[in-house]
Amino acid sequence: MDIKQDFKEIFWEEAGLKISSQVPLARYSNFKIGGPADYFYEAKELVNLIKGAEVCRKYRLPFYVIGGGYNLLFDDEGYKGLIIRNLASMVKFIPGTGRVEVHSGTELGAVVDLSISEGLSGLEFLAGIPGTVGGAIYGNAGAFGQAIGDQVEQVSVLGENGEEIILKTGEIQFAYRHSSLKKDHKVILRVWLRVEPDSKATIENKIKDYLAKRASKHPP
């Protein structure tokens, strides 16, 4: 059986999900560069992201998970396999823990919005940074001397057998705009970030200050 020829059917039969074929990747990169992916799927829930990865592994079809596509360069020849665009979005504060739980496809802006509405400090520096939480963890995104890795308590990644593996912060190496998760090509599922209570006014003022500094350094 020609796996690539029948993969759309296999994906539907195995995972109950529809995928597209020959999708131009340039539209999913801020550089607007990239040829077509053999197959493409947008996972709006973590369970579907996991299903897609499991089917690919079962049939040995290469796959790559993307988020917002910022600072991501695709080859002009495209991608020979399945591109999974991670749109799995969820962010919530866990009362009494000092933690925010976030699904990896969540936009950073949504995390900042929650920090304002719930009066949670520690993530203000993320304001104005594009992309998703998964991508931010991968590249240890940050600004003004702070990085998201500083706030990470634990991260869950997809195991080789489809299981969710929890990694404590001590098991992850963060460096300037880099992490061991990126080096090891881990598929990030969920992230828990440390926060502290503060007044909404104070948090909003910090965010305004960061946005003003960002605008002065990166004018439109």
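Only the coordinates and a few stated rules stand behind these numbers; no lab work does. Keep in mind the model is a prediction, meaning the values are calculated, not measured. Note: ideal-geometry Cβ built from the backbone for every residue, glycine included; neighbour counts use all protein chains shown.
Conditions tested, residue by residue: (1) buried (at least 21 other Cβ atoms within 10 Å of the Cβ); (2) of a type outside the set (V, I, T).
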residue: L126; (1), (2): yes, yes
residue: T132; (1), (2): yes, no
residue: G142; (1), (2): no, yes
residue: V155; (1), (2): yes, no
residue: I165; (1), (2): no, no
residue: K208; (1), (2): no, yes
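Looking only at the stretch 104-153, residues that are in contact with a His (Cβ under 8 Å, 6 or more places away or on another chain) and not small (G, A, S) come to 2 in all.
Highlighted here are the strands (runs of 3 or more DSSP E) found entirely within the stretch 19-91 that include at least 2 residues which are acidic (D, E) and buried (at least 17 other Cβ atoms within 10 Å of the Cβ): 36-43. Counting the residues of the stretch 201-214 that are in contact (Cβ under 8 Å) with a residue 24 or more places away in the chain and either of a type in the set (D, E, K, R) or under 23 Å from T132 (Cβ atoms) (or both) gives 8.
May I ask you to verify whether I172 is among the hydrophobic types (A, V, I, L, M, F, W, C) and in contact with a Gly (Cβ under 6 Å, 6 or more places away or on another chain)? No. Check the stretch 191-200 and report whether any residue there is over 21 Å from K92 (Cβ atoms), surrounded by fewer than 20 Cβ atoms within 10 Å (Cβ to Cβ) and touching a residue at least 60 places away in the same chain (Cβ under 8 Å). Scanning the stretch 191-200, I find no residue that is over 21 Å from K92 (Cβ atoms), surrounded by fewer than 20 Cβ atoms within 10 Å (Cβ to Cβ) and touching a residue at least 60 places away in the same chain (Cβ under 8 Å), so the answer is no.
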